[in-house]
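A short write-up of the structure that comes next.
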Amino acid sequence: MKKILILSSNAIIGEELYKTLKEHGHKPKCWRSLEGLMEKINQEKPDLIITNFQLFGYRDEHVPIDDGGIIALKKLIKAGKNIPVIFFYENGLQKKAIDYYYRIQKLRDDEFRFQINVLHYPLDQKAIIEKADKM
C-alpha cells in the first residue's frame, strides 16, 4: 500500500484516479493547487505523486496554470524531495505534452535524479495504475 498524492486541476479525473487507486489498495489523497503544496507533501509524506501538467495557481483558483505540474516538480527538486512522479496529460494536450516531456527531461538531467513517467489519461489509465503498483 502506497501513499499517493494526486495533483490535478480536473476534479473529475482526480476523483476517478482516487477511486481506482483506492481499489488497488493504495492510500490516495487529492490536491488541486500549487497553494500550500509543499506543506501538503510534508504532511502526507507520499511515496508517489501523480500529476497533470495543469494545476491551479496561487491567485486565481479558477484558472489552471499550464505549467503547474512543472512548477510543482521544481518545488520538489528545490526541497530535495526524491519522490517518484507520474505526469499525465489529457485529450487535446498531446503537442504540449511533448514539449513538457523534454522540459522535464532537462530538469531530470541537469538538476536532480528522480523516476518519472509521462502518460495519457484516460487512454493510459491502466498503465498509470500499473506503474503506481510497481513504484
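Read-outs: derived from the displayed coordinates by stated rules, not from any lab. This structure is a prediction, so every number in the text was calculated from the model and none was measured. Cβ placement follows ideal geometry from the backbone for every residue including glycine, while neighbour counts extend to all protein chains displayed.
Annotation: extensible slack from Gln125 through Lys78 equals 14.0 nm (criterion: 0.36 nm per residue apart, minus Cα-Cα distance). Neighbours of Asn42, meaning other residues whose beta-carbon lies under 12 angstrom from its beta-carbon, give a summed charge of +2 when Lys and Arg score +1 and Asp and Glu score -1.
A simple spin-label model places pseudo-atoms 7 Å from Cα toward Cβ; at His24 and Asp133 they are separated by 0.7 nm.
The length gained on full extension between Ile71 and Glu16, counted as 0.36 nm times the residue separation minus their Cα-Cα distance, comes to 17.4 nm. Charged neighbours of Gly14, selected by a Cβ distance under 11 Å, balance to +1 (K, R count +1; D, E count -1).
Note that region 18-28 has calculated 3J(HN,Hα) couplings of 4, 4, 5, 5, 4, 4, 8, x, 8, 10, x Hz, one per residue in order, obtained from phi through the Karplus relation 6.51 cos²θ - 1.76 cosθ + 1.60 (θ = phi - 60°); glycine and proline are x.
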